[in-house]
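In what follows, a single structure is set out as structure tokens and then discussed.
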Amino acid sequence: MADQEIRQFIEDIQSKFPDVIPLMDKHEECEFAFRMEEFANLTTFAFNEQKNADGLKHLSYMNLKLETASPAEFEYIDTYYVEHLFWKATPIGIEMGWPLVPDKLKKLYLNFHGQAPQIR
């Protein structure tokens, strides 16, 4: 049941954000966690490239999804999307992106990492 639910969630992401498909396709179809992490990467890359509108669309989608998420979907948003955000961020990506993260997603990030993303 949860697998089918997550598969549908990922398919919805792919239909709304087709740029993520090549990133997700690097992984087996059943590797849902890695596929969700690729959506976090796409968000991060958007901020790295100063495509703030694109990154904001991803964040807005996930923030809205959080409001109606099932327990399985919530886990994927928290564990595989939010925790992975800014993993491959550049200093400009953090500077541009972090202020745009909605409060609910920011809280999840801070709960896991204990601090805002750090410029390395």
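The values are calculated or read from the model by the stated rules, or taken from the named source; none is laboratory data. Not measured: the values here are computed from a predicted model. Cβ coordinates were reconstructed from backbone atoms using ideal geometry, including for glycine residues, and neighbour counts include every protein chain displayed. All accessible areas refer to the heavy atoms of the entire protein, side chains included, with ligands and DNA or RNA removed. Shrake-Rupley method; radii C 1.70, N 1.55, O 1.52, S 1.80 Å.
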Can you list the lysines whose alpha carbon is less than 24 Å from that of residue 107, not counting same-chain residues fewer than 8 positions off?
-> 51, 57, 65, 88
What size of dipole, in debye to the nearest 20, comes out for region 30-69 about its Cα centre when the only charges are +1 on Lys and Arg C-beta atoms and -1 on Asp and Glu C-beta atoms?
-> 120 debye
Dipole axis of the chain (+1 Lys, Arg; -1 Asp, Glu on Cβ), positive-most option in 80, 47, 68 = 47
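For region 27-102, rounded, prolate or oblate, judged on the Cα gyration tensor with a ≥ b ≥ c (square roots of eigenvalues), a/c < 1.5 rounded, else prolate if a/b > b/c? Don't skip to the end; give the middle numbers.
Details: a/c = 2.23, a/b = 1.43, b/c = 1.57.
Because a/c hits 1.5 or more and a/b fails to exceed b/c, region 27-102 counts as oblate.
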Taking a spot 7 Å from the Cα of residue 75 along the direction of its beta carbon, which residues of region 8-31 have an amide N less than 18 Å from it?
-> 8-11, 30-31
At a probe radius of 1.4 Å, what is the per-residue accessible area of residue 11, in Å² to the nearest 10?
-> 80 Å²
Cβ charges +1 (Lys, Arg) and -1 (Asp, Glu), total dipole of the chain, debye | 540 debye
Once the dipole of the chain is set up from charges on Cβ (+1 Lys and Arg, -1 Asp and Glu), the residue from the list 4, 58, 116 lying farthest towards its positive end is 116
Run the dipole for region 1-52 about the Cα centre, Lys and Arg Cβ at +1, Asp and Glu Cβ at -1, nothing else charged, and hand back the magnitude in debye, nearest 20.
-> 240 debye
How far is helix 103-113 tilted, in degrees, relative to the longest principal axis of the Cα atoms in the chain, given as a value from 0 to 90 rounded to the nearest 10?
-> 90 degrees
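Using a cut-off of 9 Å between beta-carbons, work out the net charge of the residues near residue 112 (Lys and Arg +1, Asp and Glu -1, residue 112 not included).
Details: positive: none; negative: 78, 83.
Every neighbour counted, the sum reads -2.
Please give the contour-minus-distance gain from residue 87 to residue 51: 0.36 nm per residue of separation, less the Cα-Cα distance, rounded to one decimal in nm.
On the way: separation 36, 0.36 × 36 = 12.96 nm, distance 1.71 nm.
Gain on extension, residue 87 to residue 51, equals 11.2 nm.
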When Lys and Arg each count +1 and Asp and Glu each count -1, what net charge do the other residues less than 9 Å away from residue 80, Cβ to Cβ, add up to?
-> -3
